[in-house]
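Below is one structure, written out as structure tokens; the observations come after it.
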Amino acid sequence: MTDDIKQYAVQKSEAEWKAQLSPAEFHVLRQAGTERPFTGEYTDTKTVGVYKCRACDAELFRSESKFDSHCGWPSFFAPLAEDRVQYIEDSTLGMKRVEVRCANCGSHLGHVFEGEGYPTPTDLRYCINSVSLTLQPAS
């Protein structure tokens, strides 16, 4: 489930990313930070639409795959398509996790967990930072 480091379609310097993103967005998207639980704008959102990468506007998740996990961050059971995200093994906190990045620009989105017992079609929970996303409501 992990990929090797790859070249991304969207590539910018650190200075370009800092100019484009707010400090909070830069911290999460480009430095693999995490927003505090239950503080993100999309944690409880029920709006129908498409969630895009806030850094590059790539479409990543649909609202139909979003579910209430009560974990403090928006949760999805699947990406819009597998080629939209990249998986990286992450052992930074002394545990094995799988980081989820935007496959278009390499920005950090969150992590994916499996086998937690949620009643979803995939038994996966994509735990994604709200600040990594922009919701485009359906028209």
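Taken together, the values in this text are just the output of simple stated rules run on the coordinates, not laboratory data. Since the structure is predicted, the reported quantities are computational estimates derived from the model, not experimental observations. No Cβ is skipped: glycine too gets one built from the backbone with ideal geometry, and neighbour counts run over all protein chains shown.
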DSSP loop trypsin sites (Lys or Arg not before Pro) in region 43-121 with at most 12 other Cβ atoms within 10 Å of their Cβ, which ones? LYS46, LYS96
How large is the helix-only mean residue ellipticity at 222 nm for the chain, computed as the sum of -39500 (n - 2.57) over DSSP H runs with n ≥ 4, divided by its residue count, in deg cm²/dmol to the nearest 500? -3000 deg cm²/dmol
For LYS96, list the lysines whose Cα falls under 22 Å from its own Cα; do not include residues on the same chain fewer than 8 positions away. LYS6
Going out from 0 in 10 Å bins, what whole percent of all Cα-Cα distances in the chain drops into each bin? 12, 45, 36, 6, 0
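Looking only at GluC sites (Glu not before Pro) in DSSP loops with at most 16 other Cβ atoms within 10 Å, what is the longest site-free stretch of the chain? Walk me through the numbers on the way to the answer.
Working: sites that count: GLU41, GLU116.
Free of exposed loop sites, the longest segment is 42-115.
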